[in-house]
Amino acid sequence: MGRRKLLSTRERQALFAIPTDEESLIRHYTFTSAGLLEIQARRRPHNQLGFGVQLCLMRYPGRALMPGEKLPKATLIYIAAQLDISPKFFDLYARREPTRLDHVARLLSYLQKRTPVAQDRRTALLAAINAADVSDKGSAIASAVIATFHAENALLPSEDTIERIGLAGRAIARRRAEIAVLNGLSENKLHLLDELLGLDSDIGQMRYHWLRSSPDAPSTDNLNSVLGSLVFLRRLNVDSQLAWPICSTQKFA
């Protein structure tokens with residue numbers, strides 16, 4: 001079985017992709033006069049370009065350049081054009097790991113950021129739990145995690161780390177909702193709820209799946225099916241005040 005995921009490929013792209021469209025490049029990757037002076041303090045063209053790329057990435061999406069990472073062509077051209085440097089110089093910079101690390105250290109000071117620590121991850125986990133209490137959607141939870149690192153002026157950890165924090169937060173929130181639903185129920189009521197997950201020979205499926213299914217088209221048979229589900233739920237006699245935690249966790253990935 002594959003590892004459970006918090007985000008779809010499209011959601012990952014939306015949250016973590018380096019901008020390539022003109023509007024986003026202008027908004028996120030246009031250098032200020034102070035930024036240009038800081039870049040030009042590097043002597044060689046490839047170091048100026050690499051430092052500029054690092055500056056852009058650490059501002060948005062908020063992380064450092066990865067070892068050997070290649071930028072989208074449109075992004076690199078936009079950054080290089082502001083510095084009047086050929087984009088080809090970036091290949092030379094990408095091969096110089098010590099220089100990259102030196103630039104990261106300098107930019108952390110310049111941007112008043114820092115590398116994330118354990119306390120940042122704990123704070124992000126709390127944010128993920130709070131977000132999952134409101135929405136079970138992975139993108140909303142991951143966005144809350146990312147916003148927490150930004151608020152703490154910490155660089156983003158890897159995408160996988162953010163996803164693991166989000167998954168952990170969602171699991172805790174789901175567990176809390178489960179406790180809220182089950183707390184105070186009698187042993188007999190718990191037994192009835194357990195039976196929802198067993199195969200019911202009368203309908204040829206689990207009652208849980210049957211209750212979650214909704215008819216596709218209006219018809220007498222479908223209306224009778226909905227009424228049958230309503231009668232069954234009323235026999236369970238579950239407190240209606242428990243509707244909120246049930247609703248907040250009803251769409252599991």
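Which residue is nearest to the chain's Cα centre (by Cα), if the candidates are limited to the stretch 71-84 and must be farther than 14 Å from GLN54 by Cβ and either of a type outside the set (Gly, Ala, Ser) or not assigned by TED's automatic domain parsing to the domain that holds GLN54 (or both)? Among residues in the stretch 71-84 that are farther than 14 Å from GLN54 by Cβ and either of a type outside the set (Gly, Ala, Ser) or not assigned by TED's automatic domain parsing to the domain that holds GLN54 (or both), the one nearest to the chain's Cα centre (by Cα) is PRO72. If the condition is being modelled with pLDDT under 75 and surrounded by fewer than 10 Cβ atoms within 10 Å (Cβ to Cβ), then the stretch 203-217 contributes SER214, ASP216, ALA217. Taking the stretch 163-191 as the range and being surrounded by 15 or more Cβ atoms within 10 Å (Cβ to Cβ) and not hydrophobic (A, V, I, L, M, F, W, C) as the test, the residues that pass are GLU163, ARG164, GLY166, GLY169, ARG170, ARG174, ARG176, LYS189. Scanning the stretch 15-30 for residues that are exposed (fewer than 13 other Cβ atoms within 10 Å of the Cβ) and not charged (D, E, K, R) returns ALA17, ILE26, THR30.
Is it fair to say ARG43 is among the charged types (D, E, K, R) and over 29 Å from ALA147 (Cα atoms)? Judged against the criteria, ARG43 is a match. Only one of the listed residues (ASP160, ASP194) is modelled with pLDDT of 75 or more, exposed (fewer than 11 other Cβ atoms within 10 Å of the Cβ) and within 30 Å of ARG121 (Cα to Cα). That residue is ASP160. Within the stretch 189-207, the set of residues being within 37 Å of the chain's Cα centre (by Cα), within 15 Å of PHE232 (Cβ to Cβ) and in a strand (DSSP E or B) comprises GLN205, MET206.
Please indicate, with yes or no, whether at least one residue in the stretch 29-43 is part of a helix (DSSP H, G or I), of a type in the set (Ser, Thr, Tyr), in the same structural domain as ILE85 (by TED's automatic domain parsing) and farther than 20 Å from GLN112 by Cβ. There is no residue in the stretch 29-43 that is part of a helix (DSSP H, G or I), of a type in the set (Ser, Thr, Tyr), in the same structural domain as ILE85 (by TED's automatic domain parsing) and farther than 20 Å from GLN112 by Cβ.
Determine which member of the set SER86, SER109 is surrounded by fewer than 18 Cβ atoms within 10 Å (Cβ to Cβ) and in contact with a Pro (Cβ under 9 Å, 6 or more places away or on another chain). That would be SER86, the only listed residue that is surrounded by fewer than 18 Cβ atoms within 10 Å (Cβ to Cβ) and in contact with a Pro (Cβ under 9 Å, 6 or more places away or on another chain).
Condition test on ASN183, is it over 17 Å from the mean Cα position of the chain (by Cα) and without any contact (Cβ under 8 Å) to a residue 12 or more places away in the chain? For ASN183, the condition - over 17 Å from the mean Cα position of the chain (by Cα) and without any contact (Cβ under 8 Å) to a residue 12 or more places away in the chain - is met.
When ARG4, ARG96, ARG63, ARG114 are checked against the criterion of being surrounded by 13 or more Cβ atoms within 10 Å (Cβ to Cβ), modelled with pLDDT under 95 and either within 17 Å of ILE146 (Cβ to Cβ) or not assigned by TED's automatic domain parsing to the domain that holds SER143 (or both), a single residue qualifies: ARG96.
The set of residues in the stretch 39-60 being aliphatic (A, V, I, L, M) and surrounded by fewer than 18 Cβ atoms within 10 Å (Cβ to Cβ) consists of ALA41 alone.
The values are calculated or read from the model by the stated rules, or taken from the named source; none is laboratory data. It should be emphasised that the depicted structure is a prediction, and the values quoted were computed from it without experimental measurement. Cβ coordinates were reconstructed from backbone atoms using ideal geometry, including for glycine residues, and neighbour counts include every protein chain displayed.
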